[in-house]
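To keep things clear, I will list the structure first and then write my remarks on it.
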Amino acid sequence: MKVNIVFYSLYGHIYRMAEAVAEGAREAEGAEVSLYQVPETLPAEIIAKMGATAAKKSFAHIGVADMQQLAEADAVIFGTPTRFGMMTAQMRAFLDRTGQLWAKGALVGKVASVFTSSGTQHGGQESTILSFHTTLLHHGMVIVGCPFTEPRLSEVGEVSGGSPYGASTIAGPDGSRRPSENELAIARFQGRFVAKIAAKLAR
């Protein structure tokens with residue numbers, strides 16, 4: 001049972017969340033878990049001006065996704081930062097290349113899930129995941145969220161991402177905040193839950 005995590009990350013927040021999702025997915029019996037990043041569309045000089053070069057190098061060893069990683073998986077868990085309440089242009093560009101998969105019905109019945117990040121607590125995390133679902137539904141994928149059986153979703157003693165739509169983290173206005181343990185635990189739960197659902201559907 002193959003679970004592929006396909007993400008875009010600029011400053012490393014989503015990469016760290018992707019690692020946590022993978023940790024959770026690997027806890028499901030029989031799960032083979034792989035991480036892939038979507039192709040970067042920004043030139044290196046722009047990334048340098050944005051102060052993201054070091055962060056990008058920290059996960060440069062992660063392979064670049066192509067259509068095969070979607071078609072071969074039993075479940076695909078997507079990770080993207082929020083850009084004005086929607087997925088990043090890089091993720092959109094990657095998904096816009098999936099027309100041939102759609103024409104073949106190659107993703108119909110596969111499990112899909114989404115996690116995200118934003119700069120502020122109310123920066124569009126939920127709308128990003130919900131709008132992402134539209135593309136997945138066009139592909140006929142089975143959407144799995146992050147139910148409230150994960151008690152950390154109800155944490156109110158600290159600022160934390162996470163919703164029934166999927167795990168999330170808050171990067172802070174300057175990007176200095178890293179994913180908290182509460183947020184990482186929710187991400188692990190999501191990875192584990194998605195893998196278990198995919199295993200049930202594969203039987």
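Of note:
- Matching residues, segment 20-54, being of a type in the set (D, E) and either touching a Phe, Trp or Tyr at 6+ places or on another chain (Cβ under 9 Å) or not in a helix (DSSP H, G or I) (or both): E27, E29, E32, E40
- Residues of segment 23-59 satisfying the condition of being hydrophobic (A, V, I, L, M, F, W, C), closer than 30 Å to G99 by Cα and over 17 Å from the mean Cα position of the chain (by Cα): A31, L42, A44, I46, I47
- Yes/no for V142 being surrounded by fewer than 16 Cβ atoms within 10 Å (Cβ to Cβ), touching a residue at least 12 places away in the same chain (Cβ under 8 Å) and of a type in the set (A, V, I, L, M): no
- Test for A20: is it surrounded by fewer than 21 Cβ atoms within 10 Å (Cβ to Cβ) and closer than 28 Å to S160 by Cα: no
- Residues of segment 161-187 classified as free of Cβ contacts under 8 Å to residues at least 24 places away in the same chain, among the polar types (S, T, N, Q) and surrounded by 15 or more Cβ atoms within 10 Å (Cβ to Cβ), total: 1
- Test: S176 is small (G, A, S), more than 16 Å from the chain's Cα centre (by Cα) and over 22 Å from E23 (Cβ atoms): yes
- Pairing residues of segment 43-61 that are touching a residue at least 12 places away in the same chain (Cβ under 8 Å) and surrounded by 10 or more Cβ atoms within 10 Å (Cβ to Cβ) with residues that are in a loop (DSSP other than H, G, I, E, B) and not hydrophobic (A, V, I, L, M, F, W, C), at Cβ distances under 7 Å and at least 6 apart in sequence or on separate chains, gives A52/Y11; A55/Y11; A55/G12; S58/G12; F59/S9; F59/G12.
- For the residues Q69, Q90, the requirement of being assigned to a helix (DSSP H, G or I) and touching a strand residue (DSSP E or B) at 6+ places or on another chain (Cβ under 6 Å) singles out Q69.
- For segment 151-203, residues that are of a type in the set (V, I, T) and part of a loop (DSSP other than H, G, I, E, B) total 2.
Bear in mind these aren't lab numbers, they're just calculated from the coordinates by the rules spelled out. Remember, it's a predicted structure, so these values are computed and weren't measured experimentally. Neighbour counts are summed over all protein chains in view; Cβ atoms, including those assigned to glycine, are modelled from backbone coordinates with ideal geometry.
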